[in-house]
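The values are calculated or read from the model by the stated rules, or taken from the named source; none is laboratory data. A quick note: this is a predicted structure, and the numbers were derived from the prediction, not measured. Heads up, the Cβs are rebuilt from the backbone with ideal geometry, glycines too, and the neighbour counts pull from every protein chain shown.
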Amino acid sequence: MEQIVILRAPVFSTLCNAAFALRREVFVREQQVPEEEEHDSYDLTATHFVAVAEGEVVGTLRLIALPEHVKIGRVAVAGYWRGKGIARKMIETAMAQARAAGAERFYLTAQSDKLGLYEKLGFVAFGPEIIDGGMPHRAMRDYDKASAVLTD
């Protein structure tokens, strides 16, 4: 496999702008998520990560630090690069950095057809299926609590 480097991408940096462009390509163009739902106020305060291969941003995700947990979101990988373990590597790297900073609990909402990826990373689905961005999702967490607060 080509060398994949996972980096933090500060908001307004060239890397973060490339991450936003990739998200637009994957979510808005490919998956038909309404543009106004793709970006939100969390983009300004989240910790963004990118996967870089062959000099290009080929994957991205963001972490949102909330009082009850860290929310993983906006996980996107460029079409050609899917199936090469990039999402898993980004998630593992981002979670390791968050744990090093004291985070203990993680939460996400996964597209229902992607549950297997997150289950392999130790996440467990809970609650009913929800529609987000026009697609079915399930809430998932990696900790054993009776409930988790649903936030975006």
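Per-structure values
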read-out	value
Number of the condition not met by residue 55 [criteria: (1) surrounded by fewer than 17 Cβ atoms within 10 Å (Cβ to Cβ); (2) at positive phi; (3) touching a residue at least 24 places away in the same chain (Cβ under 8 Å)]	(3)
Verdict on residue 116 being more than 21 Å from residue 37 (Cα to Cα), more than 14 Å from the chain's Cα centre (by Cα), modelled with pLDDT under 95 and of a type outside the set (A, V, I, L, M)	yes
Neighbours by Cβ (under 6 Å, 6+ apart or cross-chain): first from the range 27-49, in a helix (DSSP H, G or I) and crowded, with 17+ Cβ neighbours inside 10 Å; second modelled with pLDDT under 95 and not hydrophobic (A, V, I, L, M, F, W, C)	27/38; 28/35; 28/38
Failed criterion for residue 149 (all others in (1) surrounded by fewer than 16 Cβ atoms within 10 Å (Cβ to Cβ); (2) modelled with pLDDT of 95 or more hold)	(2)
Pairs with Cβ under 7 Å, 6+ apart, first in the range 123-143 and on the phi > 0 side of the Ramachandran plot, second part of a strand (DSSP E or B)	127/139
Selected residue [aliphatic (A, V, I, L, M) and under 17 Å from residue 133 (Cβ atoms)] from 44, 22	22
Wholly within the range 65-146, strands (runs of 3 or more DSSP E) carrying at least 3 residues that are β-branched (Val, Ile, Thr) and surrounded by fewer than 18 Cβ atoms within 10 Å (Cβ to Cβ)	124-132
Subset of the range 1-26 that is in a helix (DSSP H, G or I) and of a type outside the set (A, V, I, L, M, F, W, C) - its residue that is nearest to residue 88 (Cα to Cα)	23
